[in-house]
Amino acid sequence: MIFNNSNTQISPSATIGKNVRIGDNTIILDRVIIEDHVTIGHNCVIGEPLNDYYSNPDYENPVTRIGAHSLIRSHAIIYAGNTLGEYVTTGHRIILRENNLIGHHTVLGTQADIQGHVKIGSYCRLYTSVVISQLSEIGNYVFLYPFVVLTNDPYPPSNDLKGPSISDFSVIAAHATIFSGVTVGANCLVGAGSVVKQDIADYTLAAGDPAKKVTDIRKYVVMGKGKVYPWMKRFSRDMPWGKAGWENWDPDRSA
């Protein structure tokens, strides 16, 4: 363990792996597991207690796990019950409410707000100020650009909450809103500022308020670039297919 100074507070019930760096004024609470080679920045809270802590004298924090090689930047608040895979990276001032499950190599941008009981796959990119409501499910290799909002209440306020679902390899452009219970299929592109109120089939480019199908994304042509979707054929930065290229990638061996 490597500590930056004596202001760091670590619960006796926490487990800290090898070569872990923890910044100034960070608090690691009960039943937190930090795996090897993790860096946690300044002024973070890991394992924030749930609401029951304030009223239940028998409260016990759920286990919180930060996967190996992850980077949690300053002022992050991660509630108890979260499970983060290996190589997860966050921006500053993120909030992860309780019981999220986040896959490996996923990036959570600055001020991302994940409101609890959310599933996020591996190799996802959630950019600045994305808001993900409870019960949402996000597949693998999904890009959510700044200020995207996933909602979960069909007629607020109600108790009939149902999060939306976004399938593998889909891209949601900036300021789009996905309504409660909506399913966005695989390999979709939702245009900036769109309001998605109905399901979107696989390989659809959709845009507008309400969002409607524009075309099959495989037919979408960018001037000077030609057909640019599915995006995996032309983009590999930080993806497991890397320099080998999408066409040569074996997901069963390298995912």
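Where a number appears in this text, it was derived from the coordinates with a stated rule and is not lab data. Only a predicted model underlies this, so the values are computations on that prediction, with no experimental measurement involved. Don't worry about glycine lacking a Cβ; one is built from the backbone with ideal geometry, like all the others, and counts go over all protein chains shown.
Worth a mention:
- Look at where the Cα atoms of segment 112-135 and of segment 143-220 average out, and the two centres are 14 Å apart.
- Listed residues 242, 193, 41, most fluctuating in the chain (Gaussian network, C-alpha, under 10 Å): 242
- Extension gain, residue 51 back to residue 199 (0.36 nm per residue minus Cα-Cα distance, nm): 49.9 nm
- Using θ = phi - 60° and Karplus 6.51 cos²θ - 1.76 cosθ + 1.60, couplings along segment 193-205 (whole Hz; Gly, Pro as x): x, 6, 10, 9, 10, 9, 4, 10, 6, 3, 6, 10, 9
- Among 216, 36, 52, residue whose mean-square fluctuation peaks in a GNM of the chain (springs only between Cα atoms under 10 Å): 52
- The reciprocal of the average 1/r between distinct C-alpha atoms defines the Kirkwood hydrodynamic radius, which for the chain equals 19.1 Å.
- With 29 Å as the limit on Cα-Cα distance, the pairs of 119/227; 212/233; 213/233; 162/213 that go past it are 119/227.
- Cα lying deepest toward the dipole's positive end in the chain, options 13, 77, 87, charges on Cβ: 87
- In sequence order, calculated HN-Hα J values of segment 89-102 (Karplus, 6.51, -1.76, 1.60; Hz; x Gly/Pro): 10, 10, x, 7, 6, 6, 10, 10, 5, 5, 6, 8, 10, 10
- Under Stokes-Einstein, with the Kirkwood radius over Cα pairs as Rh, the value for segment 197-241 at 10 °C and 1.306 mPa s is 132 µm²/s.
- For a modelled paramagnetic label at residue 239, 7 Å from Cα along Cα-to-Cβ, the residues of segment 131-172 in reach, with backbone nitrogen under 15 Å, are 140-144, 168-172.
- Shape descriptor for segment 1-151: Rg over Rh equals 0.96 (Cα atoms; Rh from the Kirkwood inverse mean 1/r).
- Placing dummy labels 7 Å off each Cα toward the beta-carbon, the span from residue 119 to residue 175 is 3.3 nm.
- Couplings 3J(HN,Hα) for segment 129-145, derived from phi with the Karplus relation 6.51 cos²θ - 1.76 cosθ + 1.60 (θ = phi - 60°), are 6, 6, 10, 10, 6, 4, 6, 6, 10, 10, x, 9, 6, 9, 10, 10, 7 Hz, where x marks Gly and Pro.
- Rounded to the nearest 20, the Cβ-based charge dipole of segment 2-190 about its Cα centre (Lys and Arg +1, Asp and Glu -1) stands at 460 debye.
- DSSP beta bridges in the chain [antiparallel fraction, %, rounded to 5]: 10
- Taking 203, 59, 123 in turn, the Gaussian network model of the chain (Cα-Cα springs below 10 Å) assigns the largest fluctuation to 59.
- Lys/Arg +1, Asp/Glu -1 at C-beta; the chain dipole; positive extreme among 129, 176, 208: 208
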